[in-house]
1. Note down the net charge around Tyr28, summing +1 for each Lys or Arg and -1 for each Asp or Glu among other residues with Cβ under 11 Å from its Cβ.
2. Per-residue counts of other Cβ atoms within 10 Å, averaged by peptide: what ranking do you get for 65-73, 108-116, 183-191, 197-205, highest first?
3. Can you show me the helix-derived [θ] at 222 nm for the chain, built from DSSP H runs with n ≥ 4 at -39,500 (n - 2.57) apiece and divided by the number of residues, rounded to the nearest 500.
4. Which one of Ala151, Gln50, Ser128 has its Cα pushed farthest toward the positive end of the charge dipole of the chain, where Lys and Arg give +1 and Asp and Glu give -1 at the Cβ?
5. Treating cross-link reach as a plain straight distance, find the aspartates and glutamates whose alpha-carbon is under 18 Å from the alpha-carbon of Lys16, omitting any fewer than eight places away in the same chain.
6. Sequence neighbours fewer than 8 away in the same chain don't count; with that in mind, list the aspartates and glutamates whose C-alpha is under 14 Å from Lys203.
7. Assign unit charges at the C-beta atoms only (+1 for Lys and Arg, -1 for Asp and Glu), then state the dipole size of the chain relative to its Cα centre in Debye, rounded to the nearest 20.
8. Based on the mean of other Cβ atoms within 10 Å per residue, sort peptides 172-182, 27-37 so the most packed one is first.
Amino acid sequence: NVLISQITRSLLGIQKNRMAAETIQKEYGIVKDLDDLANGNNARRLVFEQYVLAGYFENILKAANIRLRGMTEGRYELLRAGQVSDGRKKDNLEILVMDYYTGRKRSVKTLSGGETFKASLALALGMSDCIQAQNGGMEVETLFIDEGFGALDEESLEQACTTLQTLAGKNRMIGVISHVAQLRERIEGQIIIEKYNSGSVVKVRKV
């Protein structure tokens, strides 16, 4: 009888602990599912943060393509890659370029230096447009562009300058940092830095 009583108590203890474990496991399972969702431990390996950013990124690409089509005569369109190598990485928002000359999509890494500059400029302007649209019309009044113009051929330089001058005409200041001589003929207001053995001299040429 003593043995049976001990076995019974042990069995009841085991059953009690099992029920408690099942309750804890159920509660933990919900937390674990949320943790997996947030950190990309899922079938798509997509972090929730990146999922949200992808939505904003799509809007930026749409705005950027409006600029890019003008600068490339309709040849290129930027697209977000449908599949990413690993959505848990911070740089997983991969971009493809649709080349309407060939009718094929390819990596933006295959663009030439001048084409990459145009795409980068279009993305910067697209982001500016989205910030303005999503913040009650708040304007990004100043943009600075550091170099990149040296990689452009004459036609591309003309297209980029036309785009920037159009933006500057909308109560926005566009600052261009460049050594390209052709830009001096197109930009009226300039801050010119001249280097000498004794130091540098800053000259301001107003509009």
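The values are calculated or read from the model by the stated rules, or taken from the named source; none is laboratory data. This one's a predicted model, so the numbers in the text were calculated from it and none came from an experiment. Note that we place each Cβ from the backbone using ideal geometry, even for glycine, and neighbour counts take in every protein chain shown. Surface accessibility is based on the protein's heavy atoms, side chains included, excluding ligands, DNA and RNA. Shrake-Rupley method; radii C 1.70, N 1.55, O 1.52, S 1.80 Å.
1. So the surrounding residues net to -2.
2. 65-73, 108-116, 183-191, 197-205
3. -17500 deg cm²/dmol
4. Gln50
5. Those aspartates and glutamates meeting the cut-off are Glu27.
6. Cross-link targets: Glu188, Glu194.
7. 640
8. Result, highest mean Cβ count within 10 Å first: 172-182, 27-37.
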